[in-house]
Structures are given as C-alpha cells and as structure tokens.
1. Going through segment 187-201 one residue at a time, which ones are among the polar types (S, T, N, Q) and under 32 Å from the mean Cα position of the chain (by Cα)?
2. Of the residues that sit in segment 227-241 and are aliphatic (A, V, I, L, M) and in contact with a Lys or Arg (Cβ under 8 Å, 6 or more places away or on another chain), which one is surrounded by the fewest Cβ atoms within 10 Å (Cβ to Cβ)?
3. What about Asn168, is it in contact with a Leu (Cβ under 9 Å, 6 or more places away or on another chain) and either more than 16 Å from Lys88 (Cβ to Cβ) or modelled with pLDDT under 95 (or both)?
4. If Ser129 passes every condition in (1) loosely packed, with under 15 Cβ neighbours inside 10 Å; (2) modelled with pLDDT of 95 or more; (3) farther than 15 Å from Glu218 by Cβ but one, which one does it miss?
5. In the list Thr183, Thr189, which residue meets the criterion of being out of contact with any Leu (no Cβ under 7 Å at 6 or more places or on another chain), of a type in the set (Val, Ile, Thr) and modelled with pLDDT of 95 or more?
6. Condition test on Leu205, is it under 20 Å from Tyr117 (Cβ atoms) and over 23 Å from the mean Cα position of the chain (by Cα)?
7. Restricting attention to segment 129-151, which residues are over 22 Å from Lys71 (Cβ atoms) and either in contact with a helix residue (DSSP H, G or I) (Cβ under 6 Å, 6 or more places away or on another chain) or not in a strand (DSSP E or B) (or both)?
8. Cβ-Cβ below 6 Å, separation at least six or inter-chain, first residue in segment 126-142 and touching a residue at least 12 places away in the same chain (Cβ under 8 Å) and closer than 17 Å to Pro187 by Cβ, second part of a loop (DSSP other than H, G, I, E, B) and of a type in the set (Ser, Thr, Tyr): which pairs?
Amino acid sequence: MPFLKVNSKSSIVNRGSSIDHSPFSIHGKASGFTLIELLIVITVFAITTSLITASYLTFERNQRLKAAAQKIKTDIRFTQNEALSGNKGTGGICDSPSFLVGWYLKISSENGENTSYTIFGDCRVQTGSDPCPSGGTETSFNPKVIVFPSGVKITNLTYGIQTPTSANILFQPLVHNTTFWNTISTPPTGAFLDGNCQLDSTKVLGGTLPQISNLIIELSRENTTYQVIISPSGEVNEKKP
C-alpha cells in the first residue's frame, strides 16, 4: 500500500491555516460598524426625516389653503344660484307683496370674524299694494355660517385701491352679475335698496354703479397665502399669488 507523500511540514501548516474559525479578521480586528459610522448613519437619517417632515407640512398647509379658497368659490356659486332660482326661504317671509332682494355672502378680515363667513338671503318686507312703500324694511334670513379649516383666516380684502375690512357680495334674482358692498350700512343691519327700491349706489365699494374692479380675498395660514378673485361679472377664480 503506497504512503501519502508529504513534501514538507510547512505545507501541512499552510493548509491548516487556510480555515479561519475566528470572528477576527486577518488583521486581528473585530468586524462591524464603528461608532463614527453609526453616528453618520443616524445623522443622515435625522436630516432626511426632517426634510420629509418639512415638505409634508408645507404640502399640508398649501392644501388647507387651497381647499378653503375652493370652498369660498363653491359657496359664491351657491349664493349666485340661490338668487337666480329666486329662493325665498321658508316661513313666507318673502310672500307677495314682499319680494326677494337677493342672496349675499358676508366676509371680513377683522380679528374674531376672519375665520368664517356667512351666507344670507335678503327680503324687502312690505304690506299693501304699493310696490315700494316708504315703510318697507329689509330682513335677512336663512343664515349659513361656514368655518375655515384650523389655522386658515382672511388676512386682507382689496377692491381697486381700497382695502375694506369687510364686504357683502350680493347676487340679485335673474342677474348673473354681482355687486360689492360696504357692510356698515347694508344687511344684516342696513339695506341694499334706497327709498325707490333701487340699489343704493352710495353704499357700494367705490361709491358708483356699475362697479369695474375685482374684489380680492386673501387667505393665509402661517406664511402661506392664497387668493380668491371675484369680478363684477360674477366670475370667480382662485390662485396662489
């Protein structure tokens, strides 16, 4: 029986050293991350998380503003449609000889009032056969309050070169156009009509009819703004300035 030929002792030693059962590398150091490497990974993760969070918060803020602007746009259309359809509300307040003046949206940028707006119907209440008795009064009805999302508010109103703190946006029956009014002397505490049952031009923003300037409503949440633009023709748009 032939014997295995061994060239040298060193070859046996070399073969034995090729199998490494130790958790250490050939340089004698433990494998894995160093403390500095872990700190770098944690720092990068923290920065990435903060950037994603900031981006989300900005997106969420913009979406709330856009949703509020679109809601105003929708409610202005609703107000216009209520006037065009001649909705006189319930309870017979506008039964003949009384008549519907229109529907309006009251909006304000004053603190305490700038986080919501209200939609009303308005009726000229009168008795007798006289189509415009001197004793007739205007009464608002069916108020509907709409509250903005949390943090959203009206910060500014602009009409031409004027910056009113509040305004009434009035739509009349059978008329697509709209008019913008000073709220001090118009409903719900005053009147849109004069003694001849005509629109009282002394109470509109700008002091004359027909009006030619847009009414711009500026909404804000923190440092972000959005605008709703209403033209006298009744057209409504919203945009980020």
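The values are calculated or read from the model by the stated rules, or taken from the named source; none is laboratory data. Computed from a prediction, not measured in an experiment: that's the story for all the values here. Please note: Cβ atoms are built from the backbone with ideal geometry, for glycine as well, and neighbour counts cover all protein chains shown.
1. Thr189, Ser201
2. Here the residue is Ile229.
3. Spelling it out, Asn168 is indeed in contact with a Leu (Cβ under 9 Å, 6 or more places away or on another chain) and either more than 16 Å from Lys88 (Cβ to Cβ) or modelled with pLDDT under 95 (or both).
4. Just one mismatch for Ser129, condition (2).
5. After applying the criteria, what remains is Thr183.
6. The answer is yes for Leu205.
7. Within segment 129-151, Ser129, Asp130, Pro131, Cys132, Pro133, Ser134, Gly135, Gly136 meet the criteria.
8. Gln126/Ser98
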